[in-house]
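Structure, as structure tokens:
Only the coordinates and a few stated rules stand behind these numbers; no lab work does. Predicted model only: the values in this text are computed from it and were never measured. Using ideal geometry, Cβ is built from the backbone for each residue, glycine included, and neighbour counts are taken over all protein chains shown.
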Amino acid sequence: MKSAMIALILSCLASVTALADNLVLQPDAPTRYTVVKGDTLWGISGRFLKDPWKWPKIWGMNRDEIKNPHWIYPGDVIVLELVNGQPHLSVQSGQDMPTIKLGPEIRSSGLNNGGILPIPASVINAFATQPRVVDPATMANAPVIIDYRDGHIVVGAGDAVWAAGHAGNTENWDIVSAPEPIVEPGTKNILGYSVRVLGTGHTAIAGDPMKIVIDTTTSEVEIGNRLIPQDNNIRINYVPHEPDHPVQGRILDTVDILAEAGNYNTVLLDKGLSDGLDVGTVLAIYQPGQRQDAGIGYGSSGAMQSSPPAQQQANIAIPASRVGVCMVYRVFDKVSYALIMTTNRSIMNGYLVQNP
């Protein structure tokens with residue numbers, strides 16, 4: 001009897017998905033799921049929805065709740081039910097089991113509070129090593145390391161350097177490599193500068209030049225390296241979601257990959273904050289379409305052939321094809337870094353991104 005009731009509920013839920021803003025449930029979506037350690041928000045969402053990025057819709061979340069989601073913890077039970085005729089999820093606490101609505105409360109923003117992360121922690125930890133993107137104005141005013149003053153050939157944590165340039169009120173610095181311009185294809189506009197973070201430091205003596213004490217290093221620090229204000233703003237508590245407006249862009253670079261990228265590799269997009277992207281935005285990836293000349297011959301019977309005698313050239317348009325989805329995890333003014341979540345082939349520079 002119980003199994004029959006579950007089957008009936010799932011049948012009813014499946015029948016209303018077309019009315020729920022294209023929410024399509026998995027055929028084997030559970031009515032209840034207990035969260036376990038190691039789960040991710042993307043993975044849990046995929047248990048219920050064919051499109052995991054539609055997670056906010058099945059929870060009935062508003063924009064503020066997407067930006068500041070409630071943590072889900074191992075032991076919590078996610079319940080699938082009908083609310084006003086539409087599929088809806090709620091969570092029951094693993095401790096006292098009251099049913100609560102997913103809301104904007106945040107217990108902690110750290111990695112160690114035990115909450116379920118959007119993607120694996122090992123991937124999030126790698127974000128800190130990704131290049132930073134700096135806008136042209138910040139790069140133009142970035143102080144430059146001009147001297148070690150202590151006779152060191154190589155400097156590291158605990159050593160001091162001197163830097164020239166106006167520092168403003170900044171006290172904590174990222175020490176970065178020589179900037180590499182990020183150029184927009186076609187227009188050749190500079191969207192920003194990519195830099196590698198070599199280490200961190202703080203101002204010991206203000207002025208111009210100023211004395212900087214190096215706090216940490218990941219690579220050798222040299223004369224000519226730049227200083228930019230430190231940025232540790234990497235959000236880990238967010239919900240995968242669709243853009244709330246049309247987005248069309250392209251992949252500028254497959255980061256740290258020679259030519260092609262796959263699942264959980266990073267790509268650099270030519271869209272950012274100024275285009276309305278934010279952390280958690282999910283975009284579909286398309287292989288660009290192309291036009292191809294093909295010889296089409298017609299025999300005496302009028303049947304189409306692939307060879308002469310009477311060959312004509314036909315210009316055939318091959319449409320763009322969808323090959324995967326990516327999710328933005330770090331966003332700057334005009335560009336952003338996104339993680340490839342799923343793909344059925346290798347992703348290359350120049351591939352297109354748009355609303356999923």
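What order do you get for T217, T187 when you list them from fewest to most C-beta neighbours inside 10 Å?
In order of increasing Cβ crowding within 10 Å: T187, T217.
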(message) Suppose we look only past 24 Å in the calculated P(r) of the range 129-229. What percent of the Cα-Cα pairs does that tail hold?
(response) 21
(message) What distance in nm separates the two pseudo spin-label positions at V36 and T216, each 7 Å out from Cα along the beta-carbon direction?
(response) 3.3
(message) Between S321 and D28, how high is the FRET efficiency from 1/(1 + (r/R0)^6) when r is the Cβ-Cβ distance and R₀ = 25 Å? Nearest 0.05.
(response) 0.35
(request) Pairs to check: K211/K271; K37/K57; K67/K211; K188/K211. Give those whose C-alpha atoms are more than 32 Å from each other in this structure. (result) K211/K271; K67/K211; K188/K211
(message) Could you list H202, H241 so that the one with the fewest beta carbons within 10 Å of its beta carbon is first and the one with the most is last?
(response) H202, H241
(request) Obtain the nm distance between the two label points defined at R235 and M348 by a simple spin-label model: each point lies 7 Å from its Cα along the Cα-to-C-beta direction. (result) 3.4
(message) Just to check I understand the Karplus step: with θ = phi - 60° and J = 6.51 cos²θ - 1.76 cosθ + 1.60, what whole-Hz values come out for the range 193-208, glycine and proline as x?
(response) 10, 8, 9, 9, 7, 8, x, 10, x, 9, 6, 9, 9, 6, x, 9
